[in-house]
Structure formats: structure tokens, C-alpha cells
Amino acid sequence: MKVKIRQWNGVASWLWVANDENCGICRMPFNGCCPDCKVPGDDCPLVWGQCSHCFHMHCILKWLNSQQVQQQCPMCRQEWKFKE
Amino acid sequence: MEETVMESDCVEMSGPGTQQEVADAWEAVTTALVSPGCSGSEQSLSNSLALLCSQGLGRLLGAWLLESLQTRLSYSVVPEFWAGLKQPENELEEKDRALVLLTTFRTLLECLEPFLGGLEKLGTWQDEGRGGLCGPGPRGLQDRAFTTIRALLLFSPSPVLQERVLEFYSRTFTVYMNQEGGDEDGAEAPEGPEGGSCPGCEVPTPQCWCQEALGHLQELSHILSRLQLLEWVSSEAVTSILHKLIEQRMEQHCRGEYERSFLLEFQEWLELVLGWLSKVFASEADRDGPVPAAPSGPGVQTGPAASSVLKQWRCHMHQFFCRIYVNMRIEELFSIIRDFPESKAAIEDLKFCLERTNQRQQLLTSLKSAFESRLLHPGVHTSDILTVYISAIKALRELDPSMVILQVACQPIRKYLRTREDTVRQIVAGLTGDAEGCTDLASELSRGDPVTLEMQDSDEEGNDPEDWTPDPTDAVPDKMGSKRRSSDIISLLVSIYGSKDIFIDEYRAVLADRLLHQLNYNTAREIRNVELLKLRFGESHMHYCEVMLKDMADSRRINSNIREEESRLSEDEQPPLSLSAIILSSEFWPPLKEEKLELPPVVCQAMEAYTHRYEKLKAMRTLSWKPHLGSVTLDVELEDRTLTHLTVSPIHAAIILHFQDKSCWTLEELSLKLGAPKELLHRKLALWQQHGVLREEAGGRYYVVETGSSKEKLERGVMLIDSDEERDSNTTTQSEQREEKLQLFWAYIQAMLTNLDSMTLDRIHSMLRMFVATGPVVTEMDVNELEAFLQKKVREHQLMVSAGVYRLPKSN
């Protein structure tokens with residue numbers, strides 16, 4: 001007997017490769033989106049800091065904009081630098 | 001009495017000389033009164049009259065006349081009348097019975113005629129003031145006389161009279177309708193075996209007495225009206241005849257006929273009947289006139305009295321008609337509703353008649369019990385209940401624009417649907433047009449100008465206060481008020497559960513199912529449905545569904561990207577398997593069933609490669625495969641035959657791929673290899689057995705059937721294999737989801753019991769309602785459900801119950 005597979009339609013879910021489940025700022029799941037967004041994924045990406053903490057991009061930008069003096073990671077209070 | 005005393009007084013006062021004269025004068029006058037034929041000269045009569053009056057006896061004449069009428073009646077006329085009526089026993093023909101009836105009344109009239117004449121004459125004298133006579137005039141005297149006649153004659157009426165009159169009237173009615181109505185009713189006239197039977201009087205044609213009957217009718221009517229007995233003798237008979245005939249006609253013509261209106265038809269027929277009535281009550285018109293021969297033919301009797309009587313009867317008839325019609329339709333209402341769009345005419349008729357009779361309550365009660373006995377029992381499929389409910393909404397909003405009947409009568413349906421598990425699924429299926437035979441909802445959904453489910457908050461819709469009408473009295477008093485008594489089918493269905501979230505969740509599950517079972521990424525229909533639902537449920541509620549649809553579009557793009565990349569590879573680097581994927585945003589999809597399944601290495605490799613390419617495409621993201629979901633198209637090549645283009649589930653494919661390497665597997669081996677439970681595999685193997693690719697042998701071994709002979713095929717056809725025909729849903733079921741939601745409350749319940757030590761079921765329920773009032777879940781959760789949940793906790797030893805009181809176990 002020989003089985004020839006013409007087409008395999010699989011199902012998968014995507015997820016961010018992050019070390020946490022939820023965004024530390026908005027507490028929403030990373031795989032969802034920030035409160036301002038409707039659609040997850042490309043439209044609401046994650047960003048990583050050099051301190052290796054990550055957030056929804058929209059969330060951390062909002063946070064950084066609100067910081068007057070020094071821009072710090074909200075989790076570890078180190079200076080915030082985007083990871084290249 | 002008083003008058004008698006006075007008479008003796010007068011006699012005493014007058015001298016003996018005049019006594020003889022007075023007696024003679026009395027004799028002359030009374031004779032002249034009672035026997036109109038033999039009268040002396042006018043002159044002597046006037047003299048006598050003057051003498052009597054001068055003696056004060058004139059006023060006694062009326063009293064005497066009435067007295068003698070009464071005596072005559074009670075001693076001879078009345079007994080004779082009844083004896084005459086009863087005398088011929090049943091042997092007589094109908095025709096002869098009619099004649100007897102007539103003769104009896106004739107005799108009655110003959111006996112009473114002298115008195116009536118006398119009274120009239122006396123009355124005339126009184127009016128003229130002849131010989132100083134004064135009194136109430138003919139009308140007053142006659143009224144008293146007729147009262148006496150009625151009282152004595154009908155004091156103890158025998159049923160024979162009613163029977164005879166009824167029979168006679170029925171006959172003349174048939175005759176009349178037969179003549180006037182032409183052949184309209186001809187078809188219903190019983191055709192005797194002799195063939196030549198008259199449709200009117202139902203006797204062989206040569207002996208037809210139709211004309212005679214009508215003549216009799218005329219005479220009888222005249223006699224009765226002369227004696228002012230018409231109303232007393234005929235009304236009952238006429239009423240019952242009309243009642244019976246309308247009922248009969250309705251049974252014949254309208255029962256089970258819902259598709260056309262009968263109002264006009266009956267109107268015409270009733271007019272015809274009115275013609276007959278005008279014959280029965282013909283002589284009412286000439287009650288005052290002494291014309292003995294009543295005019296013949298309809299339309300001639302247009303006297304004011306007659307027309308007022310007829311008008312009255314016309315009203316009566318309409319009332320009868322409406323009532324009978326409503327009664328019949330109430331009985332049939334369930335069927336009418338079931339056939340609704342076709343039975344619109346019947347509904348409109350019913351509406352018209354119902355407005356004229358006070359039978360709403362009856363209708364409600366009967367419809368409610370019809371629903372309960374015919375619809376709301378376990379033998380009826382949920383989709384059928386919904387179909388009837390939808391028709392009921394449509395039909396009853398025609399019937400009663402205030403929606404009160406709808407609201408009250410359908411309450412049991414709504415209550416019952418709430419107890420059915422698959423109600424939501426059926427409604428959603430109907431909305432998406434998946435339900436077979438139930439297209440109403442889908443078309444209702446796509447109807448223009450949808451009613452948004454939110455709109456019900458607006459209180460004053462700018463309605464003119466003058467247009468306000470109070471609710472009918474049978475409305476259910478509720479805080480919703482008439483404003484919110486919606487007639488929109490979808491809002492009514494959705495409101496069965498009190499919240500739309502449950503529907504949206506269900507729709508999400510259905511949508512997930514449909515999307516996952518799709519081979520191509522074609523979502524046009526789903527997009528349309530979601531757009532339509534968005535108009536109903538509001539944008540925010542459908543957000544998740546939109547993301548799901550977007551996932552489909554994204555998946556397609558990613559797939560073609562990856563395909564393109566693959567196509568650039570060299571020949572031998574080409575992947576061994578054509579794999580495409582639906583990539584979900586897990587947060588937005590309903591929880592998917594988790595099943596363990598180890599796919600064959602070739603598939604795993606393909607998936608890894610795919611993941612790899614995806615990671616390259618989307619930085620910092622990866623894929624988590626759900627191996628048991630999706631679909632596979634494959635060909636199976638056997639020695640003597642090939643099965644092509646089979647579309648199966650991944651687990652089926654995995655099974656058959658393993659058989660490629662080894663033609664015999666036991667269930668244990670397969671289970672180990674695939675990481676799936678044996679029971680599941682056993683069920684899945686059945687598919688391949690049905691296709692004749694595998695065969696099971698003793699010891700739970702499965703073999704590949706390389707050469708299938710036709711004989712075996714025949715056997716296979718007979719072999720019953722319990723394959724899992726029903727398409728497994730990929731999403732968790734509704735009840736599982738509810739369970740999860742109830743689990744939310746567990747923390748609340750625990751906290752309450754910690755603080756309050758022990759609580760009854762009702763207490764817990766009401767506390768939950770109070771504290772967790774925000775979500776839709778509590779409002780839907782009834783006590784029974786909560787009890788079941790608590791019982792489960794008791795079984796799991798997380799809770800204790802004694803004497804109806806719940807408490808936490810002491811140990812912790």
C-alpha cells in the first residue's frame with residue numbers, strides 16, 4: 001500500500017517568543033494586543049529592551065513619553081534602551 | 001276588585017226603574033263589542049252607551065272585556081291550543097306537522113279575534129269620546145290584552161311548540177335559501193337515491209311543497225304578529241337556527257382553510273339569510289295595519305318597524321358570526337400559526353372578528369395550552385420549536401400589533417427553550433443559514449433596516465404623546481413596558497437568554513468550526529455574516545470574530561509567501577509534503593479542544609520547516625501546532641485499486657501513514673506510536689475499514705486489505721461499523737464553557753462560606769446575584785444549575801451539605 005499526501009492543511013497558533021505571558025504595563029497577554037489596538041500581531045508588536053524585558057510597543061512608548069527626566073524600564077528601573 | 005265594588009255601589013244608588021234599562025243598554029253595548037257581525041243601529045248603540053256612561057258604568061266596559069278575555073283564555077282557548085298542538089302524535093309527515101302548527105295558531109287567532117276587535121272598537125269609541133266615554137284608547141287596551149294572552153298562553157309552554165316552530169323555520173329556511181341562493185348550496189343538498197328529490201323540502205319532486213311552505217310561513221308570521229307573539233315564539237327558534245347554520249356553513253367552508261378570507265363571502269351569505277328573516281318578521285311592519293294579506297316577496301317589507309327589527313337581527317347575526325368564527329379559529333390557531341405566511345388571510349379575518357368579540361383571554365389560554373401540548377415536549381426537535389416560534393412571532397404580530405398576545409402566549413415557549421441545551425446552537429445555525437429548513441432567520445438577518453439590539457434604551461422616540469394607547473388589559477405588567485415589547489424576530493430570540501453574549505460566544509464557536517474545516521481560505525460568506533451580525537449586535541461584540549477572519553486572510557498570505565520561497569528551492573530540496581496552515585491568534589479564538597497526537601516524522605519535519613520559515617518571516621514569533629486539527633487530502637494506492645482525493649482528518653491520515661510502513665498493527669502499538677487513546681483510535685480506524693482499506697482480525701489486529709474482491713465488498717456493505725459520523729466539533733462545547741464560568745463563582749462561594757459559616761442554596765444564589773451582578777452569567781444561572789454545581793463540589797469533597805445547608809469542610 002502506498003499513501004500519497006496531496007495536501008496537508010494544518011492548524012497552528014502563533015505566539016511571541018517572550019519570557020513572560022502578559023505585558024507588564026497593560027497586563028494583557030502578549031499574544032493579544034494592547035488596549036488601544038484591535039488586532040494583535042503585526043499591528044501591535046512587542047519590543048525588547050536591553051534589560052531583556054519586553055512590552056507591547058504601544059505600551060512602552062506611552063510610558064516613555066510620560067517620563068520627564070530619565071527613561072527607565074518600568075520593571076527594573078534600568079535605563080531603557082531598545083534591543084537591536 | 002275595586003271596580004267590582006264600585007259597580008255594586010252604582011247599582012245601589014240608581015233607582016229600580018232605571019235598572020232594567022241599564023241592564024239592556026249593557027247587553028246591547030257588550031254584544032256590539034264582542035260580535036262585530038250583529039249590531040243594532042248606530043243610534044240605539046249610542047243611546048245605550050250614553051246611558052251607561054251617565055250611570056258611571058262606561059269605564060267598566062274595558063275591564064269587563066279584558067276579564068272575559070281572560071276567562072275565555074284560561075278555560076277554553078289555551079287548553080285547546082296546547083291540545084291541538086300535541087294531538088297528532090309523531091306519525092305525521094313533516095308537511096302535516098307544519099300544517100297542524102299553522103292550524104293551531106289559526107284557531108287561536110279565530111278565538112281571540114272577537115275580543116281583539118271589541119277592544120279596538122272600544123278604544124276607538126274612547127278616542128272619539130263617544131257618549132262621554134274616556135279611557136286609554138285602543139293601544140293601551142290592546143297592550144293589556146296582549147300581555148294577558150302572552151301570560152296565559154306561554155305560562156307553561158310545552159316543548160312541542162318550540163320543536164315544531166324550529167322544524168318549520170328550518171324547513172322554510174332551506175326552501176328559501178334554495179330558491180334565493182340558486183345553486184350555491186345545491187351541491188350540499190342530499191341527493192336521494194330516487195334522484196328526483198327537491199333540494200328545498202327534501203321530498204320527491206312531485207310532492208314538493210316548497211311554495212306551500214313559504215305561504216305557510218307568511219301566514220304564520222302574520223298571525224303571530226297580529227297576536228304580538230312573534231318575538232316570543234320565534235326568537236328562540238330563529239336564534240338557534242342561525243347559530244346552527246352559521247356553524248354548519250363554517251365547518252363546511254372554513255375549517256382547515258386558511259389561505260383565503262371568508263369575511264366577504266359570509267357577508268354576502270348573511271345578507272341572503274336576512275332575506276329569509278325579513279319573511280319571518282315580515283308582518284312586524286304592518287302590525288298596526290289591518291291588512292290581512294301580507295305582501296309577498298322580499299324587498300317589499302320596508303316599513304320602519306320591520307327595518308328596525310331586521311337591523312337588530314343583522315347585528316345579532318354578525319355577532320353570531322364573529323363569535324363562531326373566532327371560536328373555530330382559536331381552536332385551529334396552532335395550525336394557522338404553523339402555516340403562517342400562507343394562512344395570512346385567516347389571521348386577518350380572525351383579527352377583524354376578535355376585535356368585535358371579547359375573546360382574547362380565551363384565545364390566550366387555548367393557544368398557550370396548544371403550545372404546551374403540541375410543541376413543548378421532548379419529542380419535538382429544537383429547530384422545529386424555533387420554526388414554530390418564528391411563525392408565531394410573525395403571525396401574532398399581524399394579529400395583535402400591540403404584541404401583548406405574542407408576549408403572553410409565547411412565554412411558555414421561551415421558558416421551555418431556555419431548558420434545551422441546543423437552543424443557542426440552533427439559533428446561531430439559523431442565523432448563519434446552516435440550519436436545514438429554517439431559512440427565516442438568515443433572511444431576517446439580511447433584511448434591510450435592522451433593529452439594533454442596543455436601541456432599546458432610547459426612551460422617548462419623539463412619539464407624539466397624543467398617540468399613546470394604553471396596553472390591553474391582559475398585558476403582563478413588567479418594567480419593560482410596551483415600548484420594549486419588540487416584534488423583531490432576532491431580538492426576541494436573542495432575548496430568550498437575556499443576554500447576547502452567550503449568542504456571540506456560540507457564534508464564535510460556530511465560526512471557528514467552519515473556518516477550521518475549510519480547505520481554501522474562502523471566507524466571503526463568513527465575512528458577510530459577521531458584517532450583518534455587527535449591525536445587530538454592535539461592532540465591539542463582533543471584534544473577536546473579525547480578528548478570526550483576519551487570521552484567515554493573513555494565513556493565506558503567509559502561505560503563499562512560504563510557497564513562493566519553497567518554489568525557489570532546488571529540485572531535491574523540495575519538501576516532501578505540501579503543507580499549508582491556518583495560523584490563529586490564540587487569544588481571539590474560542591478555546592480549542594486539546595488532543596494528543598504524534599504525527600509521523602514526515603509530517604513533523606514539514607511542520608518544523610514551515611515553522612522555521614514563519615519565524616524568518618515574522619521576527620520573534622513562532623508557531624505552536626495543533627496536530628489534531630486541520631484536514632488532509634490523500635490518495636491510497638492498493639494493489640488492485642486506488643482511492644483518490646480522500647479528505648480525512650489528521651488522525652486518520654496519521655493512522656494510514658503508519659500502515660504504509662507495516663501492514664499489520666495492533667491497537668496497542670498504534671496507540672503507543674500516535675500517543676492517542678485506544679478508544680479514540682478504534683473509532684477512527686472504522687473509517688478505513690469502511691473504505692475497505694483495513695480489516696480487523698481477532699486480537700485487535702488490523703491488516704491492510706491489498707486485494708479487495710467484490711464478495712468482500714458486499715460483506716463490508718452489510719458490516720455495521722460504528723464510525724464517528726458526526727463531525728466532531730473542534731471547540732469545547734457550550735456546557736463545558738458554562739462549567740468554566742461557574743467555576744468563576746467558586747471563589748465567591750468559598751469566601752462567603754468562610755465568613756458566614758453556612759448558607760442555604762437560595763441564599764447563595766441571591767448573594768451571587770447581588771455581588772456579581774455585572775456579568776451576564778449570573779442572570780442566566782438558575783438555582784437548579786447552581787445546585788448541580790454545588791452538588792458536584794460536594795462529591796469532590798470541597799463542600800459539605802447537611803439539611804439543605806452548605807458549609808466548607810472543617811479540615812482547612
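The values are calculated or read from the model by the stated rules, or taken from the named source; none is laboratory data. Because the structure is a prediction, the values reported are computed rather than measured. Positions of Cβ are backbone-derived with ideal geometry, glycine not excepted, and every protein chain shown enters the neighbour counts. For accessibility, only protein heavy atoms count, side chains too; no ligands or nucleic acids. Shrake-Rupley method; radii C 1.70, N 1.55, O 1.52, S 1.80 Å.
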Within the range B:651-668, does at least one residue satisfy the condition of being of a type in the set (Gly, Ala, Ser) and closer than 17 Å to A:ILE5 by Cα? yes
Check whether at least one residue in the range B:155-166 is modelled with pLDDT of 70 or more, under 28 Å from B:CYS353 (Cα atoms) and part of a loop (DSSP other than H, G, I, E, B), and report yes or no. no
How many of the residues in the range A:18-46 are among the hydrophobic types (A, V, I, L, M, F, W, C) and open to solvent by 20 Å² or more (accessible area, probe 1.4 Å)? 6
Residues that are within 12 Å of chain A (Cβ to nearest Cβ), in contact (Cβ under 8 Å) with a residue 40 or more places away in the chain and loosely packed, with under 15 Cβ neighbours inside 10 Å: does the range B:550-572 have at least one? no
May I ask you to verify whether B:LEU629 is within 7 Å of chain A (Cβ to nearest Cβ), open to solvent by less than 40 Å² (accessible area, probe 1.4 Å) and at pLDDT below 85? no
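Identify the residue in the range B:495-543 that is of a type in the set (S, T, N, Q) and within 20 Å of B:GLU444 (Cα to Cα) and, among all such residues, is most open to solvent (accessible area, probe 1.4 Å).
Restricting to residues being of a type in the set (S, T, N, Q) and within 20 Å of B:GLU444 (Cα to Cα), the top hit is B:SER495.
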Just checking, how many residues over the range B:333-360 are open to solvent by 60 Å² or more (accessible area, probe 1.4 Å) and not in a helix (DSSP H, G or I)? 3
Being away from chain A (no Cβ under 11 Å) and of a type in the set (D, E, K, R) is the filter; apply it to the range B:641-687 and report the residue that is least open to solvent (accessible area, probe 1.4 Å). B:LYS684
Note on the range B:688-708: residues open to solvent by 70 Å² or more (accessible area, probe 1.4 Å) and within 14 Å of chain A (Cβ to nearest Cβ) are B:ARG695, B:THR707
Residue list for the range B:573-601, filter: within 8 Å of another protein chain (Cβ to nearest Cβ), farther than 21 Å from A:VAL47 by Cα and assigned to a helix (DSSP H, G or I): B:PHE588
Hey, could you check the range B:510-521 for residues that are farther than 20 Å from B:GLN426 by Cβ and out of contact with any helix residue (DSSP H, G or I) (no Cβ under 9 Å at 6 or more places or on another chain) and say which is modelled with the highest pLDDT? B:LEU516
Among A:ILE60, A:ILE25, the single one that is part of a loop (DSSP other than H, G, I, E, B), away from every other protein chain (no Cβ under 13 Å) and touching a residue at least 12 places away in the same chain (Cβ under 8 Å) is A:ILE25
